[in-house]
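> Pasting in a structure now, in structure tokens, and then I'll have a few things to ask.
The values are calculated or read from the model by the stated rules, or taken from the named source; none is laboratory data. It should be emphasised that the depicted structure is a prediction, and the values quoted were computed from it without experimental measurement. Here the Cβ positions follow ideal geometry from the backbone for every residue, glycine too, while neighbour counts run over all protein chains shown. Side chains are part of the model used for accessible areas, which takes the heavy atoms of the whole protein and leaves out ligands, DNA and RNA. Shrake-Rupley method; radii C 1.70, N 1.55, O 1.52, S 1.80 Å.
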Amino acid sequence: MARSWRFWLLLSCWLGAVLRFRGLFANTFHADEALFATWARLIAVWRDPLLLTQAVDKPPLLFYLQALFYPLFGPVEFAARLPSWIASLLLIPLTAQLARRLTGDRAAAVVAAFLVAVAPLAVQFSATAFSDAPLTLWLMAALYVAARPHSSPDRAGPWPWAAGLLFGLALATKYQALLFAPLLVAMAWLAGWRGAAWRRGLAGFVVVVGLLLLWQALRPAAGGLVGLQWANIGGIRPVRSWELWPRLAQMGWLWRLTWGWPLLALSAAALTGFAARRRLMPVEAGLLLFVVAYLALHWLWAVPVWDRYLLPILPLIAILIGRGLSVLWSAFCGLRSVVCGRRSRQFVFAALAVLALSLIHI
């Protein structure tokens with residue numbers, strides 16, 4: 001199974017790279033992308049490395065990452081898109097490894113990797129100058145490190161510190177990272193974190209937050225990051241009763257664009273698998289509750305209904321779908337054990353690859 005696992009994981013990464021490459025040089029900048037790229041250029045040419053003259057309403061990590069590529073490629077659009085493009089590619093194997101660590105199921109991990117590789121939303125935002133793809137990568141990396149089992153509470157090692165550091169990098173990319181704090185804490189608790197591990201995790205997080213606060217302190221006349229972002233989105237309030245149905249309809253439409261009808265059918269099959277088993281593992285229940293709470297929060301609070309807000313939970317949904325399909329396949333094998341050997345499983349993976357290719361509109 002080890003060779004088969006590596007082959008299908010490599011195939012999913014290759015497929016994801018093929019789908020994402022053309023977008024790196026296609027389309028012109030969205031207005032926000034152009035603004036972010038301008039800030040990165042000011043940093044790259046050392047004209048305003050702290051962005052003292054700019055009303056920056058986002059954490060700055062993305063802009064400094066973009067600034068690294070301008071000296072290499074010059075003032076071209078794809079230089080500003082490279083951080084998101086690289087993050088989107090790395091997210092494919094990372095999702096597979098996270099699924100394997102959380103569920104112990106290689107089949108679910110392969111399916112999750114394929115879904116992230118071909119999901120329209122992931123492909124769409126892979127070659128942009130937005131911060132959502134790097135945010136998603138940092139969050140999934142933090143979850144992966146936090147979910148590493150700890151056999152001895154007194155010997156936590158460096159992993160909790162790394163998890164806190166990665167979560168801090170996510171926060172330094174976009175403030176929405178804070179929404180994932182409950183999930184990170186839940187995964188760490190399930191992994192067996194105890195006192196020393198929690199302290200090291202907090203220390204890693206504080207390192208990045210301290211650098212973020214120092215950056216802001218060096219530019220006192222530029223305004224506060226949180227205050228500017230709050231003002232730009234018009235504040236946050238609960239939705240009013242007459243907004244509930246339009247917002248729900250719009251989220252449903254975005255959900256269909258995120259996955260496409262064939263992948264929505266796989267989602268229904270995954271739900272069937274969980275229903276057939278009639279119980280959820282703690283990790284599965286935690287992921288499902290978080291996804292539902294995340295979607296409910298974006299529905300019931302008057303934040304903009306934008307497709308890119310769905311991107312951070314896409315790998316989690318892919319893991320749930322992969323696990324549900326694996327459970328459904330195992331249940332089917334229990335009824336018809338004759339057809340469920342190693343070759344039949346490889347055939348199923350090949351069918352998923354064909355399905356993925358059928359979703360591509362070139």
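> log₁₀ I(q)/I(0) of the chain at q = 0.11, 0.14 Å⁻¹, via Debye over equal Cα point scatterers, no solvent, to two decimals?
-0.80, -1.28
> Same structure again: From the backbone phi of the stretch 291-305, what are the Karplus-calculated ³J(HN,Hα) couplings (6.51 cos²θ - 1.76 cosθ + 1.60, θ = phi - 60°) in whole Hz, Gly and Pro given as x?
The phi angles translate into 4, 5, 5, 4, 5, 5, 4, 6, 8, 8, 10, 7, 8, x, 8 Hz.
> Another one. Let me spell out the model: positive unit charges on the Cβ of Lys and Arg, negative unit charges on the Cβ of Asp and Glu, origin at the Cα centre of the stretch 1-93. What dipole size does that give, in debye rounded to 20?
Rounded to the nearest 20 debye, it is 440 debye.
> What part of the accessible area of the stretch 36-96, given as a whole %, is carbon or sulfur when the probe is 1.4 angstrom?
71 percent
> Sort 138-144, 261-267, 174-180, 249-255 for me by packing, meaning the mean count of neighbouring Cβ atoms within 10 Å per residue, highest on top.
Ranking the peptides 138-144, 261-267, 174-180, 249-255 by packing returns 138-144, 174-180, 261-267, 249-255.
> Also, quick follow-up: Leaving out ligands, DNA and RNA but keeping every protein chain, what accessible area does F69 have, in Å² rounded to the nearest 10, with a 1.4 Å probe?
Only protein atoms counted, so the area is about 40 Å².
> Which order do you get for V327, V206 if you rank them by accessible area with a 1.4 Å probe, largest at the top?
Output order, biggest surface exposure first: V206, V327.
> Next up: Given the peptides 300-309, 102-111, arrange them by the average over their residues of other C-beta atoms within 10 Å, most packed first.
For the peptides 300-309, 102-111, the packing ranking is 102-111, 300-309.
> Follow-up. Compute the distance from the alpha-carbon center of the stretch 299-318 to that of the stretch 34-77, in whole Å.
The stretch 299-318 and the stretch 34-77 have Cα centres spaced 26 Å from each other.
> What angle, in degrees between 0 and 90 and rounded to the nearest 10, separates the Cα long axis of helix 106-118 from the longest principal axis of the Cα atoms of the chain?
50 degrees
> Then there's this: Keeping all protein chains in position, work out how much accessible area E243 exposes to a 1.4 Å probe, and write it in Å² to the nearest 10.
Counting only protein heavy atoms, the figure is 40 Å².
> Additional query: Highest first, please rank the peptides 289-298, 58-67 by the mean number of other Cβ atoms sitting within 10 Å of their residues.
Taking the mean over residues of other Cβ atoms within 10 Å, the ranking is 58-67, 289-298.
> Please calculate how many Å² of accessible area the chain carries per residue, with a 1.4 Å probe and no DNA, RNA or ligand atoms counted.
Using a 1.4 Å probe on heavy atoms only, each residue of the chain averages 48 Å².
> Report, in degrees rounded to the nearest 10, the 0 to 90 angle that the Cα long axis of helix 342-358 makes with the longest principal axis of the chain.
The angle comes out near 40 degrees.
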